[in-house]
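The values are calculated or read from the model by the stated rules, or taken from the named source; none is laboratory data. None of these values were measured; they are calculated from a predicted model. Ideal geometry is used to build each Cβ from the backbone, glycine not excepted, and the neighbour counts take in all protein chains shown. Note: accessible area is taken over every heavy atom of the protein model, side chains too, but ligands, DNA and RNA are not part of it. Shrake-Rupley method; radii C 1.70, N 1.55, O 1.52, S 1.80 Å.
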Amino acid sequence: MQNPFTTTFSKIPETYISTEQEREIIDNFSYERPSESVYKITGVRGSGKTVLLAKVEEEFKKDFRKKEGWYVFRISPGRDMLSQLATYMIEEKLMQVKALKASASVSVPSIPVGINITKADEQYSDIGIKIEKALESATQKGKKILIGIDEVSKTDEMLVFALEFSKWLRAGYSIYLVCTGLYENIEQLYNVKNLTFFRRATTIKTEPLNAVKMVETYRRELKIDLDTAKELVRLTKGYPYAFQELGVLYFKNSKLEKLDRIISDLKEELFAYSYEKIWEEMSEGDRIFCKCLIDKDENTREDIIEKLDKPTNYSVYRSRLLKKGIIKSKTRAVSLALPFFAEYIIDYGDFEL
C-alpha cells in the first residue's frame, strides 16, 4: 500500500489538513469585489507556506473558477518576473505578441517558438506598460489574474516586479498576489520606497495544525487507536513537517520497530533537513534567546532576562522569534514552538565542522 504521507517539498500531500488561513484567502478572492488583493504567507521552514499557496492556486484553477474568469500564474522570483507574466498572458491570449515587439526591454525566453522580441532599451517600464494595457483590457472583460510567488526576497527581479504591480493595483485592475517567504525576507521589502502596498498587505502567519484533524488523520491512515494517535500528535506539536515525517516513518516501520526508534528517526530527519537551516539563518542574539528556553517547557520574562547577556533586548528577540514562528507565547510565558528543537540546540547548537 502506498504511503499516504509525504515530505516532498511543495507537494500537496494526500493527508493535507486544511487551515483557516487557506479558507480566509479563498473566501476573500471569491467575493465580487475582494477587500484584499495581496496576501503574504510567512512562517518558519516546514510550516506549510508553499503548500498553502499551492492549495489556493489549485482552488482557482478549477473549471468553475475558469468560467468565472480566473487565471492562475506561478512566477519564479529567481528570473525576470515581468517576462514570465507576459509569457503567460500571451499563451492565454490575454496579451498580443505584437504588443511586445516594439518594447522588449527584456527577452522573453519561454514565449512560443517563432516569436522574436528584440531589445530596444533597458527600461523595464516598457514591458510593464504593455502588460498594464493588457490588464486593463482583461479587467474590462471580467478576467481576474492570480499570481503566486514562492519564497520572495529582496532581489532586483522582485523589486522591479513589485513596483510595476503597485501601479496595477492603483489603477484598479483585477490582479491578485499571494506570495510566501520567511519573515526576515518579507520584512526586507517593507521599507522599500513606493512599496507601501506590500507593507500594508495582509500577512498570513502559518499556525500549528488542528490537533483533532491530525488525530483523526493518523487514526484513519495508520489504522491506530485513539490514544496512540493522540500520543503521536503530541510529539509533532502541530508542526506540519513533523506531522508528515512522523506519518511517513510510522507507516513504514510501525510493525518492524518500536516507537522509541521511530521517534529517534524523526529527530534525525528534523535536525538534518529543517532545524540545521533554521538555526543557521538565526542571528546570534536570537540563538542566545532560544538557548535560554531549553531547560524547561515554559519560561517567564524574568527567567529569560536573568539568563540574557543583554536583558534590554528581550522584547526585540521575543517579538522577532514569535513572528518567525520559532517560539510561542502562552499568558506570561514563552516556549520553543518546534518539536525537539531544544534537543537540537543542546546537541548541535554549538557544533561546527
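Looking at Lys328, Lys296, Lys323 in this structure, which one is closer than 29 Å to Lys213 by Cα and part of a helix (DSSP H, G or I)?
Just a single option satisfies the conditions, and that option is Lys323.
Out of Phe5, Phe29, Phe64, Phe9, which single residue is in contact (Cβ under 8 Å) with a residue 24 or more places away in the chain, open to solvent by 70 Å² or more (accessible area, probe 1.4 Å) and not in a strand (DSSP E or B)?
From the options Phe5, Phe29, Phe64, Phe9, the qualifying one is Phe9.
Kindly indicate whether any position in the stretch 249-270 is at pLDDT 95 or above, open to solvent by 60 Å² or more (accessible area, probe 1.4 Å) and more than 29 Å from Val212 (Cβ to Cβ).
No.
Could you check, for the stretch 133-144, whether at least one of its residues is more than 26 Å from Leu52 (Cα to Cα) and modelled with pLDDT under 90?
Within the stretch 133-144, not a single residue is more than 26 Å from Leu52 (Cα to Cα) and modelled with pLDDT under 90.
If you go through the stretch 1-51, how many residues are in contact with a strand residue (DSSP E or B) (Cβ under 8 Å, 6 or more places away or on another chain) and within 22 Å of Tyr190 (Cα to Cα)?
Summing the residues that are in contact with a strand residue (DSSP E or B) (Cβ under 8 Å, 6 or more places away or on another chain) and within 22 Å of Tyr190 (Cα to Cα) in the stretch 1-51 gives 12.
Test Glu245 against the stated conditions and say whether it is surrounded by 15 or more Cβ atoms within 10 Å (Cβ to Cβ), modelled with pLDDT of 95 or more and either outside any helix (DSSP H, G or I) or acidic (Asp, Glu) (or both).
So Glu245 passes the test.
Evaluate the following for Phe197: is it hydrophobic (A, V, I, L, M, F, W, C) and open to solvent by 10 Å² or more (accessible area, probe 1.4 Å)?
Taking the combined requirement at face value, the residue satisfies it.
Quick check on the stretch 44-55. Is at least one of its residues open to solvent by 30 Å² or more (accessible area, probe 1.4 Å), under 15 Å from the mean Cα position of the chain (by Cα) and farther than 18 Å from Ile147 by Cβ?
Yes, there is a match, as at least one residue in the stretch 44-55 is open to solvent by 30 Å² or more (accessible area, probe 1.4 Å), under 15 Å from the mean Cα position of the chain (by Cα) and farther than 18 Å from Ile147 by Cβ.
Here is a list of conditions, (1) surrounded by 17 or more Cβ atoms within 10 Å (Cβ to Cβ); (2) part of a helix (DSSP H, G or I), and Glu231 meets all of them except one; can you say which number that is?
(1)
For every residue, the table says whether it meets (1) at pLDDT 95 or above; (2) more than 17 Å from Gly238 (Cα to Cα); (3) among the aliphatic types (A, V, I, L, M); (4) open to solvent by less than 80 Å² (accessible area, probe 1.4 Å).
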position	(1), (2), (3), (4)
Asp309	no, yes, no, no
Ser315	no, yes, no, yes
Leu322	yes, no, yes, yes
Phe340	yes, no, no, yes
Tyr348	yes, yes, no, no
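For the stretch 271-293, which positions are part of a loop (DSSP other than H, G, I, E, B) and open to solvent by less than 40 Å² (accessible area, probe 1.4 Å)?
Met282, Cys292, Leu293
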